[in-house]
Amino acid sequence: MARLLIDKDACTGCESCISACPFGALSMKEGIAAVDEKCTFCGACVDVCPVSAITLEKEEKAVTIDITAYKDVWIFIEHELGKIGSVSFELLGEGRKLADAIGCKLCGMLFGDKEAVDKFVKEAIAYGAEKVYVMESPVLKQYRTDSYAKAAVDLIRKYKPEIVLYGATTQGRDFAGTVATTIEAGLTADCTGLDIDPETKFLKQTRPAFGGNIMATILDYPNYRPQMSTVRPKVFAMPQRDDSRKGEIIRETLQMTEDQVRTKVLEFIKGTETVNLADAEIIVSGGRGVGGPEGFKPVRELAEVLGAAVGSSRAAVDSGWIPYEHQVGQTGRTVRPKIYIACGISGAIQHQAGMKTSDIIVAINKDPEAPIFKIAAFGIVGDLFTVVPMLTQEFKKRLGR
Ligand SMILES: Cc1cc2nc3c(=O)[nH]c(=O)nc-3n(C[C@H](O)[C@H](O)[C@H](O)COP(=O)(O)OP(=O)(O)OC[C@H]3O[C@@H](n4cnc5c(N)ncnc54)[C@H](O)[C@@H]3O)c2cc1C
């Protein structure tokens, strides 16, 4: 625990520290600065004190954990409204590679009421979990930070996983952060790539940094475990489901009662998000080449006839032609549809970062040298205002729409 020390003899009562404190933790008592419990030890007051009367004493914590006791790769199996989040399956697929690389087991961590657990434990095993750590209780029926974090913290402390991966979803982002601070482990948020050093077992966690200008590969503090990340949905492929797989189920009891949970779920109101890029099987995207907001009309018409979602490049979003929710790329959504149709998009590296793993990429661009053609399975060199309506007409005919 840190301490803020105020040298009463040196303090001149100038009050510079009071206005510098972002938390209102300092006040004057008999002409001398005094600190209260709101202090977060940020050090802002130390920097402004003109007579160096304030010092921050930080206690170095001895690292005593035995990292060799930590093993296995764990995936948090998240579910909502009776469905497992597809990111959990994607992480089971990627977790398999990590577990194989360091020769350990791939495990799921699943919480819920009886109905959810009975249903989802089988699915976790079918998608590759060799063991599933389960806590089953009515208190865990719906995700709530208190009860889920308590369950995870108790399991992690008892069974000591080497790595824990969560989806970078609303649930995963909230949950993983709470777990990390409670067990004092590192957490790399919003990863777009994972790798592992088989010798040191260091997890290499890649994510955009500095506003997406660089891709940073981050290693956790080497003497702490578990190594933990949240990973964006659709970054990794879905593994094969195999219902014949067998797995071990380890059941533990939640040490928390309903009255100890500080929140209640009164109602679940589904978000108003109309753009579901993440789950779309087909995406038709427009870029700067559409020339203006009205240029998205043919893109939308093609999307409609194909039952597709509409995406866009950042250039179109930055120009105010289409809202940010449609943006695909490094600073937008990562998508992995079966078909991605890029209309008037050059294929900059930052755009590719969000869509290059689509199964089939179709590019429509009037510049034959556009980089998008290098990753496209089908390229059409031409004016999108001619090509896209032709495609729409043809699909209308063939699909009878
Ligand atoms: C930190 C950072 C993060 C970024 N994040 C993202 C991101 O998340 N997503 C993203 O998309 N970009 C992102 N960018 C921007 C990226 O670098 C490109 O600037 C952007 O993708 C370009 O968009 P575009 O392809 O629509 O435009 P341009 O590069 O201008 O390409 C337009 C294309 O349209 C073609 N064209 C023009 N008229 C027609 C027509 N009538 N018919 C057919 N083709 C036509 C042109 O030949 C050209 O190839 C990021 C950049 C940075 C620095």
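Read-outs: derived from the displayed coordinates by stated rules, not from any lab. Everything quoted here is computed from the prediction, not taken from an experiment. For neighbour counting, all protein chains shown are included, and Cβ atoms are generated from backbone atoms with ideal geometry for every residue, glycine included.
Round to the nearest 10 and give me the degree value, 0 to 90, for the angle of helix 86-102's Cα axis relative to the longest principal axis of the chain.
Taking Cα atoms only, the helix is inclined about 70 degrees.
Is there a pair in Lys114/Lys204; Lys119/Lys150; Lys141/Lys246; Lys114/Lys338; Lys141/Lys356; Lys119/Lys201 whose C-alpha atoms are over 29 Å apart, and which pairs would that be?
Beyond 29 Å between Cα atoms: Lys114/Lys204; Lys114/Lys338; Lys141/Lys356; Lys119/Lys201.
Give the percent of DSSP beta bridges with both residues in the chain that are antiparallel, rounded to the nearest 5.
Around 30 percent of the beta bridges assigned by DSSP in the chain are antiparallel ones.
In terms of the Cα gyration tensor, with a ≥ b ≥ c the square roots of its eigenvalues, is the chain rounded because a/c is under 1.5, prolate because a/b exceeds b/c, or oblate?
In terms of gyration-tensor shape, oblate.
Contact order normalised by length for the stretch 280-401, with contacts defined as Cα pairs under 8 Å and 6 or more residues apart; what percent is it?
25
Just rank Leu384, Leu165, Leu155, fewest to most, by other beta-carbon atoms within 10 angstrom.
The most exposed by this proxy come first: Leu155, Leu384, Leu165.
Take the chain, mark every one of the GluC sites (Glu not before Pro) that falls in a DSSP loop and has at most 14 other Cβ within 10 Å, then report the longest stretch left between them, sites excluded.
61-183
Taking the beta-carbon count within 10 Å as an exposure proxy, list Leu4, Leu266, Leu92 from fewest neighbours to most.
Leu266, Leu4, Leu92
Which shape class applies to the stretch 97-163: rounded if a/c is under 1.5, otherwise prolate when a/b exceeds b/c and oblate if not, where a ≥ b ≥ c are the square roots of the Cα gyration tensor eigenvalues?
Cα axes put the stretch 97-163 in the oblate bin.
By a straight-distance test (C-alpha under 21 Å), which lysines pair with Lys8 as possible cross-link partners, with residues fewer than eight away in the same chain excluded?
Reachable lysines: Lys29, Lys38, Lys58.
Among Ser244, Ser358, what is the fewest-to-most ranking by other Cβ atoms within 10 Å?
Ser244, Ser358
Per residue and in cubic angstrom, what volume does the convex hull of the Cα atoms of the stretch 67-260 have?
Residue-normalised Cα hull volume stands at 112 Å³.
Quick check: the angle from helix 170-183's long axis to the longest principal axis of the chain, C-alpha only, nearest 10 degrees?
Approximately 30 degrees, to the nearest ten.
Round to the nearest 10 and give me the degree value, 0 to 90, for the angle of helix 384-399's Cα axis relative to the longest principal axis of the chain.
80
Mind running the shape call on the stretch 282-399? Use the C-alpha gyration tensor, a ≥ b ≥ c as the square roots of the eigenvalues: rounded below 1.5 for a/c, prolate if a/b tops b/c, oblate otherwise.
Because its axes are fairly even, with a/c under 1.5, the stretch 282-399 counts as rounded.
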